[in-house]
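Novice: Submitted below is the structure of interest, expressed as structure tokens.
The values are calculated or read from the model by the stated rules, or taken from the named source; none is laboratory data. Computed from a predicted structure; not experimentally measured. Cβ: placed from backbone, ideal geometry, glycine included. Neighbour counts: every protein chain shown.
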Amino acid sequence: MKQLINLSAKIYSDGERHASWRKFVFLIRTVTHYKQMMKLIEFFEKNHLRRDISIAQPCIFEQATRQWFYHQSSFSERTEIIKKHYLFVNDCLKEDALRKIYLGDGIPLWSQKYQNEMLSLTLHFSRGSHDKEGLLAILLKLGDKRIYQIIFWLAPNQENEMALWIGALQGSPNGLQISRGLTKFFYGYRTKNFIFHALCTVACELGLKKIYAVSNYGFYANNHIRLDRKLKTSLDDFWQEIGGKVCKDARFFELPTAEIRKNLNEVDSHKRNLYRKRFLMLDETDSIIIQSFDQYLKKNIRLQVIV
């Protein structure tokens with residue numbers, strides 16, 4: 001019990017609002033699922049890298065006690081997601097990559113100059129920024145300003161195929177004007193499409209052939225009592241727009257792993273040059289992401305992707 005009390009103190013700082021109440025709720029939930037929580041703690045203690053990550057990111061244990069990944073997830077489902085995710089990334093990525101992601105500033109995937117600032121994509125996980133709806137995130141930033149982020153985890157589907165699961169797609173509340181400018185910069189391609197495209201490239205590099213996303217119904221905050229935490233825009237609309245299909249489990253969509261491009265002959269003649277430039281930009285972005293990410297992949301994963 002003392003171990004759980006100490007853990008709650010690491011997760012909830014005394015300076016935080018409602019910290020005492022949150023500690024109490026955390027302890028009630030962990031005591032109720034004591035064996036499962038202790039097994040999760042043991043899982044992180046068994047491996048020196050996972051132990052370092054759990055010390056730096058104690059929010060991992062809070063994720064096991066909350067329905068943040070998706071609505072009506074059980075305690076056992078959440079602990080399995082966490083374990084399977086960390087086992088998979090350990091199999092795929094080199095230790096220095098995982099240390100950069102979970103203990104540092106992340107892995108740089110792509111960057112380009114835009115209006116005298118650096119526009120960048122980074123693979124990262126940070127406590128306080130994206131520690132609810134997933135275990136990894138791709139961030140699109142302009143300088144130090146966060147423009148968009150896509151939060152996800154890696155775990156098997158019901159057929160036991162390893163898959164990528166999107167828990168949230170979030171734009172900065174103050175980034176609307178910047179996003180409009182970036183859409184022009186990307187030749188009419190919106191920032192959320194751009195970051196999803198980058199995610200698909202990363203999924204392909206990891207050898208993943210399935211991508212799922214939480215639906216409006218499955219998004220935890222949409223079923224939360226507090227109105228201010230509900231979705232401001234519909235996830236379902238975007239998933240359907242990019243070709244997603246609702247799963248039998250209505251909490252999820254299955255998404256395409258690559259965008260189906262329009263045939264230039266089917267595009268209005270006055271827009272063809274725009275689409276041509278867009279496709280070239282996306283191909284160049286893919287090439288940079290693959291080159292950047294490849295150095296962090298373990299050799300066996302690179303061989304699987306090539307095959």
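Novice: For region 17-39, does any single residue satisfy the condition of being crowded, with 16+ Cβ neighbours inside 10 Å, in contact (Cβ under 8 Å) with a residue 40 or more places away in the chain, part of a helix (DSSP H, G or I) and aromatic (Phe, Trp, Tyr)?
Specialist: Among the residues of region 17-39, not one is crowded, with 16+ Cβ neighbours inside 10 Å, in contact (Cβ under 8 Å) with a residue 40 or more places away in the chain, part of a helix (DSSP H, G or I) and aromatic (Phe, Trp, Tyr), which makes the answer no.
Novice: Only one of Asp268, Asp286 is among the acidic types (Asp, Glu) and either in contact (Cβ under 8 Å) with a residue 40 or more places away in the chain or under 24 Å from Leu121 (Cβ atoms) (or both). Can you tell me which?
Specialist: Asp286
Novice: Pull up region 167-192, narrow it to residues that are of a type in the set (A, V, I, L, M, F, W, C) and not in a strand (DSSP E or B), then point me to the one that is modelled with the lowest pLDDT.
Specialist: So, considering only residues that are of a type in the set (A, V, I, L, M, F, W, C) and not in a strand (DSSP E or B), the one modelled with the lowest pLDDT is Leu176.
Novice: Please tell me if Glu284 is surrounded by fewer than 15 Cβ atoms within 10 Å (Cβ to Cβ), farther than 28 Å from Trp68 by Cβ and either at pLDDT 95 or above or of a type in the set (Ser, Thr, Tyr) (or both).
Specialist: In short, yes.
Novice: Here's another thing I want to ask about it. For the structure I just gave you, tell me whether Tyr212 is more than 22 Å from Ile107 (Cβ to Cβ) and not in a strand (DSSP E or B).
Specialist: No: the conditions fail for Tyr212.
Novice: Please enumerate the residues belonging to region 131-148 that are under 8 Å from the mean Cα position of the chain (by Cα) and either surrounded by fewer than 23 Cβ atoms within 10 Å (Cβ to Cβ) or free of Cβ contacts under 8 Å to residues at least 24 places away in the same chain (or both).
Specialist: Leu136, Ala137
Novice: Being more than 30 Å from Gln177 (Cβ to Cβ), of a type outside the set (Val, Ile, Thr), assigned to a helix (DSSP H, G or I) and free of Cβ contacts under 8 Å to residues at least 12 places away in the same chain narrows it down to one residue among Glu159, Glu77; which is it?
Specialist: The conditions single out Glu77.
Novice: Please specify each residue of region 287-305 satisfying the condition of being over 14 Å from Glu95 (Cβ atoms) and modelled with pLDDT of 70 or more.
Specialist: Passing the criteria: Ser287, Ile288, Ile289, Ile290, Gln291, Ser292, Phe293, Asp294.
Novice: For Lys94, only one of the following conditions fails: (1) in contact with a strand residue (DSSP E or B) (Cβ under 9 Å, 6 or more places away or on another chain); (2) among the basic types (Lys, Arg); (3) within 21 Å of Phe24 (Cα to Cα). What is its number?
Specialist: Lys94 satisfies every listed condition except (3).
Novice: Regarding Arg127, is this residue surrounded by fewer than 20 Cβ atoms within 10 Å (Cβ to Cβ), within 15 Å of the chain's Cα centre (by Cα) and closer than 23 Å to Glu80 by Cβ?
Specialist: yes
Novice: Which condition from (1) surrounded by 15 or more Cβ atoms within 10 Å (Cβ to Cβ); (2) in contact with a Lys or Arg (Cβ under 9 Å, 6 or more places away or on another chain); (3) closer than 24 Å to Gln149 by Cα is the one that His85 breaks?
Specialist: (2)
Novice: Listed residues Phe26, Phe43; which is in contact with a Ser or Thr (Cβ under 6 Å, 6 or more places away or on another chain) and assigned by TED's automatic domain parsing to the domain that holds Gln63?
Specialist: Going through Phe26, Phe43 in turn, just one is in contact with a Ser or Thr (Cβ under 6 Å, 6 or more places away or on another chain) and assigned by TED's automatic domain parsing to the domain that holds Gln63: Phe26.
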